[in-house]
1. Only helical DSSP H runs with n ≥ 4 go in: add -39500 (n - 2.57) per run for the chain, normalise by residue count and round the 222 nm mean residue ellipticity to 500 deg cm²/dmol.
2. Which percent of the accessible heavy-atom area of the stretch 562-604 goes to carbon and sulfur, probe 1.4 angstrom?
3. Mind checking which aspartates and glutamates have their Cα closer than 20 Å to the Cα of Lys419? Skip sequence neighbours fewer than 8 apart in that chain.
4. Quick check on the stretch 93-167: take the gyration tensor over C-alpha atoms, sort the square-rooted eigenvalues as a ≥ b ≥ c, and tell me if it's rounded (a/c under 1.5), prolate or oblate.
5. Where in the chain are the DSSP H helices whose alpha-carbon span along the long axis reaches 18 Å or more and whose Kyte-Doolittle mean is at least -0.5?
6. What is the magnitude of the charge dipole of the stretch 455-605 about its Cα centre, with +1 placed on the Cβ of each Lys and Arg, -1 on the Cβ of each Asp and Glu, and no other charges, expressed in debye to the nearest 20?
7. Viscosity 0.692 mPa s, temperature 37 °C: give me the Stokes-Einstein translational D for the stretch 430-515 in µm²/s, with Rh taken as the Kirkwood radius over C-alpha pairs.
8. So what is the accessible area of the chain per residue, in Å², with the probe set to 1.4 Å?
Amino acid sequence: MLRITFAFTIALLASVACTRRADAPPPPSEPAVVTLPGLGADVRIVTDRWGIPHLQAHTLGDLYFAWGYVTARDRLWQLELTRRAAGGTLWEWFGNRTLTADGGAQLFRLRERAGEIWSRERTDPAIREPLERYAAGINAWIARCRAGEAPWPAEFLKLGKRPADWEPENAYLVLLAQGMLLDLDLPELDEAQEIREHGITRTIARHQFEDDMVYASIPDSVAERLYGRPPRPTLPGRPYAEPTRTGLRLEGGATIDAPLLAEARRTLSGWLDPATRDPDERASNIFAIGPGRSASGAPMLANDVHLSLGAPGPFHIVHLTVPGVLDAAGASVPGMPLIVSGRNDRCAWGLTSLAADVIDVYADTLSRDGRQVRWRGGWVPITTHPFTLRYRVLGVVPIAPPGQVRRYTPHGPVVAYDKKRRLAMSVRWAGDDQAITLARLLDMPRARSIADLAAAVRTVVTPTSNIVMADRDGHVAYHVVGALPQRGFEPPPGPIPDDSAHEWLGLIAPEDRPHWELGPRDFVVNGNNLPVGAPYHEPFPRYDFMQDRAARMAERLADDPSMTLADLRSVQNDLYSRGAARFLPLLLRCADSLRTSQDRDVRAA
């Protein structure tokens, strides 16, 4: 057996030795040396004053073991909560209050899909061994908790529950859950409601107003050089839906009414953002400058990855070292042994959520008996599966939810079903499970150049992201990654009709997704804004009100030809609001026009 040494620090069996710096916070109950089975040599883990673990191992296998161990030490409750949320089993611990969220996870088959992906991926030793070692490290900590050698997190004690062992396939479950969190967006539902209440003219006008404020991460001049100006296919004629007194009437005569829209939102309410959420709340930022714009002559990159505020946070920061093999630090998602935003001695990389519309809601026509759906000029059966949920009557007696089944059309999971109106609203997602792999992504901490990083990120399927990378040779690049639909049409407002004119042509090939290697004096910015404009051959629709932060960062970077690290901090912490600059003069003019009717305090304000 080898050891993990802790300094507030750890050693693993070999042993894990734990060291604690003098200015570090008090650690959990952890001896200086822990002897654990499964290690090939001693591992050292130092936890610094910020709570960040620094891991040093002699082999990659031991490093992954130690990584899993400290992840469980710091985030065991988060691991279990994520696993249950993604697997649709929160109801087993929390009862009826989580049934809707669990239903969404089961509707998208996250657990089944993770198992299928792992069955394929485990045949590659370069994938199987890191995931198995990471899982073994998590389970080593769980075993210590079970033996009373380490404390269970307070949440387990409060609930009187204990987690099962972690499985390697759970890494894919976490990955798919991240896809749900970041890619799942159904603006068609909001547009249908807007059309129903205000008419199609206002909806179109709003989109045109927002399009006038677009900032593209790849400048149009660069995009024209890369892609030229091929004509985009457009839909002929008017939008296919029109408002009525009771709902939104489709060309076939069916009506999408308020209850149907509410059902679709309710089906995914545990995963879908509220309709009232401001898109700018997704405010992740990334920007980089070429060496010719840097005072040091080296490229610089800044990344601020925002997800919902939580305790603990959604990321776990780690520093990983195997002498002569890798030395990398950055943010990982607990449950996946990947550094999604970080650096090593040669490269740096970061990301924001792409915020692209990679999911379409289709209005599928049902047969009279509601068992079939129209598809490519014919009729095909709807497939059904039961939910593995239980509703607790009086909070005690578990019963299967009556009449609840999971339905699937060729477009995907059904989120709203109305047999009377012969209408099913189903969701088509661009993500292709057969393309999901962690092979290249596991290698990112050892990347030596942006070419290595680009080869890795091109394998990303979900979640879709903007990736910016830089290396010590002075190269900077921007890549759009993740599965993108090749529609061949500009989506009309509201749900998509189930006719042949609105079927996808396929997916955009990884090498054809937008990407740009910057020149020495160039800079690149992304704040969840439009990645590329009209010169690109495929439209990126529905980038609503997410342009101002990127445009402001670009203003700041363009004004400074010789930037320092302090300058980059200033850009990141900038408080100026372009929205206020646009609207404040209008508001003041409105206020001035009513001046004679205002009291003294209002006039002073």
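The values are calculated or read from the model by the stated rules, or taken from the named source; none is laboratory data. All of these numbers come straight from a predicted model, not from anything done at the bench. Glycine also receives a Cβ, built like all others from the backbone with ideal geometry; neighbour counts cover every protein chain displayed. We work out accessible area using only protein heavy atoms, side chains counted, and drop any ligands, DNA or RNA first. Shrake-Rupley method; radii C 1.70, N 1.55, O 1.52, S 1.80 Å.
1. Details: 16 runs with 185 residues, N = 605.
That calculation yields -9500 deg cm²/dmol at 222 nm.
2. Numbers: 2060 of 3420 Å².
That share works out to 60 percent.
3. Result set, ordered by chain and number: Glu251, Asp257, Glu263, Asp364, Asp369, Asp498, Asp499.
4. In terms of gyration-tensor shape, oblate.
5. On the way: long enough: 60-87 (30 Å, -0.21); 125-146 (30 Å, -0.25); 170-183 (19 Å, 1.18); 578-593 (24 Å, 0.38).
Within the chain the helices that satisfy the rule are 60-87, 125-146, 170-183, 578-593.
6. Working: 16 positive and 21 negative charges, 135 e Å.
The calculated dipole for the stretch 455-605 is roughly 640 debye.
7. Working: Rh = 14.6 Å.
After rounding, the answer is 226 µm²/s.
8. Numbers: 26680 Å² over 605 residues.
I get 44 Å² per residue for the chain.
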